[in-house]
Amino acid sequence: MADQQARLSWRDGSIPVSDQFDDPYFSIHDGLAETGHVFLGGNDLAARFASAAETGADFHIAELGFGTGLNLLAAWRAWETAQEGCAAPSVLHFTSFEAFPMAVEDMARALEAFPEVAHWAERFLAVWDGAGACDLGNLRVNVITGDARMSLPEWTGAADAWFLDGFSPAKNPELWQDDLLAAVAGHTGAGGTAATYTAAGFVRRGLEAAGFEVSRTPGFGRKRHMTKARLR
């Protein structure tokens, strides 16, 4: 367990807001829909999960900012949907880097706002103790706590897709620096992708400098644009 745990306030009784960064953990409009649009859609995961199911291949997602675990649950739901009918389901690996892990009881409270993923939340929370690794058969989770600027360069894995979901670049600039984005690129498999809700110019330039082909596409809700990237 990390030394520092997330400190929260609650907006409208159901939306967790980070006291460290003064930023909500998910969209006040519909956090699950935002995850679907930005991270699943931005990485073309429906098609890639279907391809993995056909070939029996595993798939690896990595993430900056674990938060409530909502992105994990949305991806796991999509993975299981793609794997339906497979005689030997393959494994979704999910690695996340989180400086301030959320207490399990706070995570459970936040996820109550999304009954669509309650089935996956219940299974995950039944074995989750707040950090570290757990094995749920077709899902293997590893949340690496501490400063990603130090832990990511030391990670030995490589992701097929990245969820860049740190708090706003204006409030959490450390998680969007060029050296960290270069580390993301260095831990991305051939043809791998990344997606994020932000279209900040310095983030897009940092991804391009790291070796990604970057495009700006329509964002979710009130956000006009988001960013998609594919490793050259």
Looking at the structure I just gave you, is Ala52 farther than 22 Å from His119 by Cα and at pLDDT 90 or above?
yes
Looking only at residues that are assigned to a strand (DSSP E or B) and open to solvent by less than 30 Å² (accessible area, probe 1.4 Å) in the range 173-201, which one is farthest from Pro24 (Cα to Cα)?
Gly189
With the checklist (1) assigned to a helix (DSSP H, G or I); (2) farther than 24 Å from Ala185 by Cβ; (3) without any contact (Cβ under 8 Å) to a residue 12 or more places away in the chain in hand, flag the one item Ala110 doesn't pass.
(3)
Only residues that are surrounded by 19 or more Cβ atoms within 10 Å (Cβ to Cβ) and of a type in the set (A, V, I, L, M): list them for the range 15-47, please.
Leu32, Val38, Leu40, Leu45
Can you confirm whether the range 150-172 contains a residue that is closer than 17 Å to Ser96 by Cα, in a strand (DSSP E or B) and open to solvent by 10 Å² or more (accessible area, probe 1.4 Å)?
yes
Pairs where the first residue, in the range 142-161, is at positive phi and the second is open to solvent by less than 50 Å² (accessible area, probe 1.4 Å) and of a type outside the set (Asp, Glu), C-beta under 7 Å, 6+ apart
Gly146/Ala2; Gly146/Ala99
Is it the case that Ala199 is closer than 25 Å to Asp19 by Cα and of a type in the set (Gly, Ala, Ser)?
yes
Has the range 2-14 got any residue that is surrounded by 12 or more Cβ atoms within 10 Å (Cβ to Cβ) and acidic (Asp, Glu)?
no
Take the residues in the range 109-149 that are open to solvent by 20 Å² or more (accessible area, probe 1.4 Å) and in contact with a Ser or Thr (Cβ under 6 Å, 6 or more places away or on another chain); name whichever of them is modelled with the lowest pLDDT.
Ala113
In the range 196-213, which residues are over 16 Å from Leu180 (Cβ atoms) and in contact with a strand residue (DSSP E or B) (Cβ under 6 Å, 6 or more places away or on another chain)?
Tyr197, Ala199, Glu213
Where a residue in the range 205-223 is surrounded by 13 or more Cβ atoms within 10 Å (Cβ to Cβ) and among the acidic types (Asp, Glu) and its partner, wherever it lies, is in a loop (DSSP other than H, G, I, E, B) and modelled with pLDDT under 95, with Cβ under 9 Å and at least six apart
none
Go through (1) at pLDDT 95 or above; (2) under 21 Å from Lys223 (Cα atoms); (3) touching a Gly at 6+ places or on another chain (Cβ under 8 Å) and name the single condition Gly42 misses.
(3)
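The values are calculated or read from the model by the stated rules, or taken from the named source; none is laboratory data. Predicted, not measured: the structure shown is a model, and the values here were computed from it. Every residue, glycine as well, gets a Cβ built from its backbone with ideal geometry; the counts of neighbours run over all protein chains shown. Please note that ligands, DNA and RNA were not included when accessible areas were found on the heavy atoms of the full protein model with its side chains. Shrake-Rupley method; radii C 1.70, N 1.55, O 1.52, S 1.80 Å.
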